[in-house]
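Some notes on the structure that comes next.
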Amino acid sequence: MGVSRELSLAEVFQLGYYWETKILLTAVKLDVFSAIDAKPKTVQEIAGRIGADTSILGMLLNALVAMKLLSKNGDMFGLSATALTYLVRHAPQYVGHLLLLHDAEWNNWGQLEETVRTGRRAVDRHVFETNPELGSNVLAVLNRIGQQSGPNFAARLKLVGDERLLDLGGGAGTNAIAFCQAYPELRATVFDLAATLKLTEKTVKGAGLESRIALHPGDFNADPLGGPYDVVLMSDILHYQTFQMNQDLVKKAFASLTPGGRLIIKDRFLDETGTGPAWTTAFTIHILVNTQHGSCYKCSDAMRWLTTSGFGSIAELEKTAVVQGLKPSL
Ligand SMILES: C[S@@+](CC[C@H](N)C(=O)[O-])C[C@H]1O[C@@H](n2cnc3c(N)ncnc32)[C@H](O)[C@@H]1O
């Protein structure tokens, strides 16, 4: 696909501009929004709460006013409605953890030039391994966001008649919960690292599904998966791994399925040209910079893992998003 229209010079500059990004991330890191909370405050009060230099904090707050996250009346700074809903720590819809993750990854991005020159990755461990608490908080935010799309995804997959689901690297249990809510006969196993399952235990309990969703702690690359299952789901786990690790995991999933069972892979796949979807091309660089050996793959890669493992009826159910294979019936 060619370039649909030329970028203007202003748009090129806009692409290269990150000042506001770092201002926002720093404000979240300093927890400026929670310090202000529902009642407007002076810069002195806010500086006292977060422990900051008053005159420099004033500059940051003024920029946040210009960015429409704060308002200023006389010398009082208040939160915008959006900041109050999403950026105050005790708010039920707080999303700051996701922004804290971006901030934690800031220095890795600084090494992109070096990575491109040498081919060597900047990190030897992902932030989910180095900071499981942050990882878990991020999963909790993603779970809240994912709850909106989960029921639709469950409906599209038509799991009627299936009884046993394995959600590999199921995280907060977002999909397992949505699937069990959509299909009353379904029972699920969420397989994930023990540290992650602490969060899953809470979400499953919150959904009242403890009797139908089992938690299985383990490393899916090293430990047995159990089974047999009617359906195995791999949702957003394969882009952290190498091609060969994914091939091995798909083989392992094949062995854990009952004949006639299916493996569903949901991920952020690149199209065959590698230049789209646009978000995924940038996500590929994010994965390059922030993981030891992750990568974004194409649907054709997933299809190769499935074919090599023995799956049939392989199909791209949703473009650059969902690929499925069936284990042949006996
Ligand atoms: C991006 S999250 C995806 C969560 C969920 N599947 C979803 O779609 O919302 C990746 C998950 O894989 C888990 N994970 C990563 N490596 C793993 C491993 N070797 N064994 C088990 N789980 C793993 C992480 O703990 C995390 O919950």
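Set the Förster radius R0 to 35 Å, insert the Cβ-Cβ distance between residue 222 and residue 14 as r into 1/(1 + (r/R0)^6), and round the FRET efficiency to 0.05.
Working: r = 45 Å, r/R0 = 1.30.
Between residue 222 and residue 14 the formula returns 0.15.
Roughly what would the spin-label model give for residue 107 and residue 73, points 7 Å off Cα along C-beta, in nm?
4.2
With an 8 Å Cα cut-off and a minimum separation of 6 or more residues, compute the relative contact order for the chain in percent. Before the final figure, lay out each step's value.
On the way: 521 pairs, mean separation 40.3, N = 330.
Relative contact order, the chain: 12 percent.
³J(HN,Hα) across the range 126-139 via Karplus (A = 6.51, B = -1.76, C = 1.60, θ = phi - 60°), whole Hz, x for Gly/Pro?
6, 4, 5, 8, 7, 9, x, 5, 4, x, 5, 4, 5, 4
Which percent of the accessible heavy-atom area of the chain goes to carbon and sulfur, probe 1.4 angstrom?
Answer for the chain: carbon and sulfur cover 56 percent of the accessible area.
Going by amide H atoms built from the backbone, whose H comes under 5 Å of the H on residue 271, apart from near neighbours?
276
Using the Karplus curve 6.51 cos²θ - 1.76 cosθ + 1.60 with θ = phi - 60°, what ³J(HN,Hα) values do you get for each residue of the range 92-102, in whole Hz, with x for Gly and Pro?
Running phi through 6.51 cos²θ - 1.76 cosθ + 1.60 with θ = phi - 60° gives x, 9, 3, 10, x, 4, 5, 6, 5, 5, 4 Hz.
With every protein chain present, what is the per residue accessible area of the chain (1.4 Å probe, Å²)? Could you put the intermediate results ahead of the total?
Details: 17160 Å² over 330 residues.
Computed with neighbouring chains in place, this is 52 Å² per residue.
So if I place +1 on the C-beta of Lys and Arg and -1 on the C-beta of Asp and Glu, and nothing else carries charge, what would the dipole magnitude of the chain be about its Cα centre? I want it in debye, nearest 20.
400
What shape does the range 218-330 have by the C-alpha gyration tensor, where a ≥ b ≥ c are the square roots of the eigenvalues, rounded means a/c under 1.5, and otherwise prolate means a/b greater than b/c and oblate the rest? Each step should come with its number before you reach the end.
Working: a/c = 2.46, a/b = 1.49, b/c = 1.65.
Here the range 218-330 falls in the oblate category.
Under 5 Å between amide H atoms, partner at least 5 residues away or on a different chain: which partners does residue 70 have, H built in plane at 1.01 Å?
65, 80
For a protection proxy built on the mean count of beta-carbon atoms within 10 angstrom, sort 51-62, 254-265 highest first, please. Mind dumping the intermediate values first?
Values: 51-62: 14.6, 254-265: 19.5.
Result, highest mean Cβ count within 10 Å first: 254-265, 51-62.
Would you kindly give the portion of the calculated P(r) for the chain that falls above 39 Å, as a percent of all Cα pairs?
Values: 12575 of 54285 pairs.
Cα-Cα pairs of the chain separated by over 39 Å account for 23 percent.
Give me the net charge for the shell around residue 311: Cβ to Cβ below 9 angstrom, other residues only, Lys and Arg +1, Asp and Glu -1. Write out the running numbers ahead of the final one.
Numbers: positive: 262, 327; negative: none.
Around residue 311, the surrounding residues sum to +2.
For residue 126, which sequence-distant residues (separation of 5 or more, or a different chain) have an amide H within less than 5 Å of its own amide H, given hydrogens modelled in the peptide plane?
For residue 126, the qualifying residues are 292.
Could you derive backbone 3J(HN,Hα) for the range 73-78 from the dihedral phi with the Karplus parameters 6.51, -1.76 and 1.60 (θ = phi - 60°), listing whole Hz in sequence and x where the residue is Gly or Pro?
Ordered by residue, 3J(HN,Hα) equals 10, x, 9, 9, 9, x Hz.
The values are calculated or read from the model by the stated rules, or taken from the named source; none is laboratory data. Here the structure is a predicted model, which means the values were calculated and not measured. Neighbour counts run over all protein chains shown; Cβ positions are idealised from the backbone, glycine included. With ligands, DNA and RNA removed, areas are computed over all heavy atoms of the protein, side chains included. Shrake-Rupley method; radii C 1.70, N 1.55, O 1.52, S 1.80 Å.
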